[in-house]
Number of protein chains: 2
Amino acid sequence: MKARVTITLKNGVLDPQGKAIEGALGALGFSGVGEVRQGKIIDLELAESDRDAAMKTIDEMCRKLLANTVIENYSIDIV
Amino acid sequence: MKARVTITLKNGVLDPQGKAIEGALGALGFSGVGEVRQGKIIDLELAESDRDAAMKTIDEMCRKLLANTVIENYSIDIV
């Protein structure tokens, strides 16, 4: 079973990487670009074939390792 | 208009970050984890209100700045 975890910064958390992209796009001549925020995705392959069990395992992975829940939100999609 | 750009490594490109996550998950006791690949997302706010024009602009942004098309694939979703 394949899953994708999407990790984004919570609202209000400063995102210097996003700001840098915003600045670079402006410098390249792209106008009308508002806020830019960067996040990450993690694609996982799991041996588990039960959807609910997989969701539970991945949720635990996110809390223990993948996401910093103080400043990040995460969402899990089973593909 | 809001858009999300998803950037992933092409197949066959070595992903040390993914490998590190894979190793760390194993060390934490998660078994049955196959390949792990990491990618990134970039959330953009655009002043443009026409969907097709926005797609075209973002595609250009990806080719010029956001993605390294030699080793990365990108996809664009208008939200």
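Taking label positions 7 Å along the Cα-Cβ direction at both B:Arg63 and A:Lys10, the computed distance is 4.0 nm, reported to one decimal. Where in the range A:55-74 does the label zone of B:Asp77 land, with the point 7 angstrom along Cα→C-beta and an amide N cut-off under 17 Å? Once the point is set 7 Å along Cα→Cβ of B:Asp77, A:73-74 turn out to lie under 17 Å by backbone N, inside the range A:55-74.
The string of couplings for the range A:73-78 from the Karplus curve (6.51, -1.76, 1.60, θ = phi - 60°) is 9, 9, 9, 10, 10, 7 Hz, one whole number per residue in order, with x for Gly and Pro. Please work out the FRET efficiency for the pair A:Glu45 and B:Asp52, using the Cβ-Cβ distance as r and a Förster radius of 35 Å; give the result to the nearest 0.05. Rounded to the nearest 0.05, the efficiency is 0.50.
Entry note, chain A: the mean residue ellipticity at 222 nm calculated from DSSP H runs of n ≥ 4, each adding -39500 (n - 2.57), is -9000 deg cm²/dmol after division by the residues and rounding to the nearest 500.
Once backbone amide H atoms are built at 1.01 Å from N, B:Glu72 has B:Lys10 as its partners under 5 Å, excluding neighbours fewer than 5 places away on the same chain. Here the accessible area of the protein assembly as shown is 50 percent carbon and sulfur, with a 1.4 angstrom probe and all protein chains present.
The values are calculated or read from the model by the stated rules, or taken from the named source; none is laboratory data. Bear in mind that the values here come from a model prediction, so they are computed numbers and not experimental data. Reconstructed Cβ throughout: ideal geometry from the backbone, glycine too, with neighbour counts over all protein chains shown. In case anyone asks, the SASA skips ligands and DNA or RNA and just uses the protein heavy atoms, side chains included. Shrake-Rupley method; radii C 1.70, N 1.55, O 1.52, S 1.80 Å.
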